[in-house]
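Colleague: So that we are looking at the same thing, I have put the structure below in C-alpha cells.
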Amino acid sequence: MHAWDVPPANLALLRHVFPTLHFLILYVANSAQLYYVSQILYVVVQNAAKLSILLLYLRIFPGARFRLWTKIMIAWVVCHTFAFGISITLQCLPFDALWESKVEGKCINPTGIVYTCAAFSILEDMTLILLPIPELKSLNMSLRKRIALIFMFALGSL
C-alpha cells in the first residue's frame, strides 16, 4: 500500500510497529508541507504572469482610456492575488493542522476557495484577451494583418 493511501490515524501505529518506515512517514509530512507552500506560490505565480501582460499593455498602447482600464485591471489582479493568497495561507489555523493529524485546528473547506479562485481567474483571462482588441482594431493596417495581430495578442495572453 502506498504511503499516501494510509489513513492518518494509522500513521502513528505504523511508526511503532515498523520503526524502519519512520523516514517514510516523515516524507509524507514533508510532502504535505510542500503541497501547502505550492498552493500559495501558485496564486502568486499565476497572477504575476497576468501582471506582466498588463504592464506590457501599458508600454505598448498610449490611449488614455485604455490605460485607465489597464490600471483598473492591474489593481484588480493585485487585490485578487492578496485576497486569495491570504485565504490559501490561512485555510487552517494553526498551520500544522494541515499536515499533522494529531494537531487540532480550525480549517475551512479549500474546495470553495479553489472554485472561486478559478472563476475569477477565468474572468481575468478573458479580460486580458479582450482588452487590447479595440486598440488593435483601430490600427492603420490591412484587415488580414489586424486579425493576425489580434490572434497573436490573444494567444500570448493564454
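Colleague: Please return the ranges of helices (runs of 4 or more DSSP H) entirely within the range 81-158 where 3 or more residues are modelled with pLDDT under 85 and touching an Asp or Glu at 6+ places or on another chain (Cβ under 9 Å).
Modeller: Because the criterion is at least 3 residues that are modelled with pLDDT under 85 and touching an Asp or Glu at 6+ places or on another chain (Cβ under 9 Å), no helices (runs of 4 or more DSSP H) in the range 81-158 meet it.
Colleague: Identify, from the list 45, 6, the residue that is within 29 Å of residue 115 (Cα to Cα), at pLDDT below 90 and of a type in the set (Val, Ile, Thr).
Modeller: Within the list 45, 6, the selection yields 6.
Colleague: Hey, among the residues in the range 81-139 that are of a type in the set (Gly, Ala, Ser) and crowded, with 17+ Cβ neighbours inside 10 Å, which one's nearest to residue 155 (Cα to Cα)?
Modeller: 121
Colleague: Continuing with this model, one more query. Which residue pairs have Cβ atoms closer than 6 Å, lie 6 or more positions apart in sequence or on different chains, and pair a first residue in the range 79-90 that is more than 15 Å from residue 35 (Cα to Cα) and of a type in the set (Ser, Thr, Tyr) with a second residue that is assigned to a helix (DSSP H, G or I) and modelled with pLDDT of 90 or more?
Modeller: 81/47
The values are calculated or read from the model by the stated rules, or taken from the named source; none is laboratory data. Computed from a predicted structure; not experimentally measured. Cβ atoms come from the backbone with ideal geometry, glycine included; neighbour counts cover every protein chain shown.
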